[in-house]
Amino acid sequence: MKRALYPGFLAFAVGIAVLAIFRQAFGALTPPEVLLDAVPRLVPLGVFSAVIQLLGPWAKVFAAAIIALAAFVASWALAAAWRSAMPGLADGRTWCRWLSAAGLGLGLWLFGMLVVLPLAGKGPFAVSVSPWPAIMLVSWLASALGYASVLAALGEGVTGTPGPAAARGTPPSPERRDLIRKLSWIAGGAVVAAAVGAAVWKSLSRLPSRVLRSLSDSAPVPEVTSNDEFYSVSKNLADPWVDAASWRLQIKGLVERPATYDFSQLQQLPAVTQYLTLECISNDVGGSLIGTAEWKGVRLEEVLSRAGVQPAAMRVVLRAADGYSDSITVDKAMEPGTVLAYEMNGVPLPREHGFPARLLVPDIYGMKNVKWLTGIELVDYEYAGYWQQQGWSNTAVIQTMSRMDVPPGPGEYQLPEKATLSGVAFGGGRGISWVEISADGGETWSRAQLKQPLSHYTWVLWAYDWSPPAEGTYTLLVRAADGQGQVQPEARSGALPDGATGYHRLVVELREE
Ligand SMILES: Nc1nc2c(c(=O)[nH]1)N[C@H]1C(S)=C(S)[C@@H](COP(=O)(O)O)O[C@H]1N2
Ligand SMILES: [Mo]
């Protein structure tokens with residue numbers, strides 16, 4: 001094992017260097033970056049938000065360090081395994097050694113293609129990423145082969161104890177071997193240090209600098225969330241890849257005329273376009289599992305009326321291509337805002353948002369907005385879906401929420417003469433009647449200005465001009481009332497089972513500088 005430390009390390013350095021070159025030259029994403037992106041999906045949400053809360057902006061650096069360390073240890077172990085599994089190959093005839101190293105490199109690459117990428121939700125060979133990142137696959141291959149070639153090259157000669165092969169030729173003098181060894185440790189170390197340093201520097205440069213931030217540095221959240229920025233939550237490690245041509249939507253159960261629609265039939269039905277805000281029931285106070293898009297599709301009522309709902313029907317069960325299911329009441333299903341959507345912000349529904357069709361239900365948490373929808377069944381009993389079986393609410397009505405986006409977080413800021421605080425508030429289908437801001441921990445409150453929402457079903461942008469009187473520590477709070485004047489609950493509660501409640505709170509320290 002110890003003998004493999006040096007080759008393992010050098011091979012690792014070369015692998016990293018190859019990835020870094022491709023990253024720099026072509027912007028090809030590296031395996032650690034792909035994994036980092038997938039962390040929020042792979043780690044249970046509770047753990048994830050706890051870590052984020054604990055480490056704040058350092059969480060990413062921390063995760064990157066863990067991934068780098070794990071990769072190094074794995075590289076070392078792989079080098080050791082390769083050398084001990086095939087001593088004959090590792091130290092034996094040259095062509096044998098190179099052939100087995102090539103196999104190792106290819107195997108490593110396939111592991112990336114068939115395990116790492118699917119785990120990160122990108123599908124084997126990144127098939128579900130568009131445009132298809134061919135250069136990334138090439139860079140991973142080059143890196144894996146680079147890694148394996150170093151192992152093959154070091155299979156004889158510069159290892160700790162001279163192998164039989166070293167004895168065959170003229171062995172380099174021990175001093176020279178020692179020098180080569182030292183030099184390559186230094187070179188490898190420099191490469192790794194440079195790559196890790198560059199990565200850390202990059203993450204750090206996105207953090208607030210030492211100079212005091214200004215409250216007006218960050219922009220308000222856009223009213224419509226772009227598809228790229230839109231949060232995505234699913235139970236799946238790899239989301240289903242549904243083919244529109246063979247996709248079918250089945251309407252069955254307590255209906256007069258069961259029916260099956262294919263994608264073009266669905267698109268021929270009268271379409272509606274509406275703005276709607278989607279929020280995950282596990283969105284914490286101040287969290288970002290919420291977004292607004294313009295959706296196009298067919299009213300569920302349209303499809304259900306054609307099928308003829310029987311009077312005994314009580315719930316509408318929704319089933320999906322990934323085995324997920326949930327249900328809503330028949331009344332909810334017949335509301336005009338409940339839509340079978342196939343477009344999001346003017347383009348076909350992206351895969352992670354439910355291609356080819358998903359349900360949108362106003363006033364109800366994201367959970368019941370079933371993606372990759374394949375079946376609709378009307379039943380006359382209570383139905384517990386995927387998350388309800390794990391204790392989550394079956395009514396799942398959205399709790400009134402408000403969030404402060406400017407300032408973007410707690411911490412120190414320059415004392416401004418005047419600054420505009422801003423954020424969003426959401427009350428599901430009930431709307432928002434007012435938003436209030438407190439700068440003194442809730443002693444006094446002032447009304448914020450509201451922007452006219454895009455529809456009955458969206459969040460409301462708020463803004464508040466604040467002139468802090470002096471340096472000091474301020475506890476900023478935001479609260480909202482829904483369309484019926486009901487103020488959002490102040491008591492803090494976790495997301496399970498009904499969705500989180502409590503006021504979003506940021507403590508800022510303002511200083512002149
Ligand atoms: N088929 C299916 N639909 C699903 C889910 C899922 O895992 N499978 N997750 C739900 C949850 S918990 C949420 S919050 C929303 C998220 O939708 P989005 O990814 O488009 O934001 O999809 C819902 N619909
Ligand atoms: Mo969710």
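The values are calculated or read from the model by the stated rules, or taken from the named source; none is laboratory data. None of the values given here were measured: they were computed from a predicted structure. Cβ atoms come from the backbone with ideal geometry, glycine included; neighbour counts cover every protein chain shown. The area values use the complete protein model at the heavy-atom level, side chains included, leaving out ligands, DNA and RNA. Shrake-Rupley method; radii C 1.70, N 1.55, O 1.52, S 1.80 Å.
Observations on the model:
- Taken as a whole, the condition of being away from ligand 2 (no atom under 16 Å from the Cβ), outside any strand (DSSP E or B) and not hydroxyl-bearing (Ser, Thr, Tyr) applies to VAL221.
- Of all residues in region 286-313, those that are surrounded by fewer than 19 Cβ atoms within 10 Å (Cβ to Cβ) and either within 16 Å of ligand 1 (Cβ to nearest atom) or among the polar types (S, T, N, Q) (or both) total 4.
- If you go through region 97-132 and keep only what is assigned to a helix (DSSP H, G or I), under 27 Å from GLU352 (Cα atoms) and touching a helix residue (DSSP H, G or I) at 6+ places or on another chain (Cβ under 8 Å), you end up with TRP109, GLY112, MET113, LEU114, VAL116, LEU117, PRO118, LEU119, PRO124, PHE125, ALA126.
- Candidate set from region 343-372 (those that are touching a residue at least 60 places away in the same chain (Cβ under 8 Å), in contact with a Leu (Cβ under 6 Å, 6 or more places away or on another chain) and open to solvent by less than 10 Å² (accessible area, probe 1.4 Å)); member that is nearest to ligand 2 (Cβ to nearest atom): ASN369
- Meets criteria (away from ligand 1 (no atom under 16 Å from the Cβ) and surrounded by 13 or more Cβ atoms within 10 Å (Cβ to Cβ)) for ALA259: yes
- Evaluation of ILE135 against (1) modelled with pLDDT under 75; (2) part of a helix (DSSP H, G or I); (3) touching a helix residue (DSSP H, G or I) at 6+ places or on another chain (Cβ under 7 Å) (one fails), failing number: (1)
- Within region 373-391, the only residue that satisfies the criterion of being open to solvent by less than 30 Å² (accessible area, probe 1.4 Å), within 16 Å of ligand 2 (Cβ to nearest atom) and farther than 12 Å from ALA320 by Cβ is GLN388.
- Selection from region 395-418 of residues that are open to solvent by less than 40 Å² (accessible area, probe 1.4 Å) and out of contact with any Leu (no Cβ under 8 Å at 6 or more places or on another chain): ALA396, ILE398, THR400, MET401, SER402, ARG403, ASP405, GLY411
- Taking region 333-342 as the range and being over 20 Å from THR225 (Cβ atoms) and either surrounded by fewer than 20 Cβ atoms within 10 Å (Cβ to Cβ) or among the hydrophobic types (A, V, I, L, M, F, W, C) (or both) as the test, the residues that pass are ALA333, MET334, GLU335, PRO336, LEU340.
- The single condition from (1) of a type in the set (S, T, N, Q); (2) touching a residue at least 12 places away in the same chain (Cβ under 8 Å); (3) assigned to a helix (DSSP H, G or I) that SER264 fails is (2).
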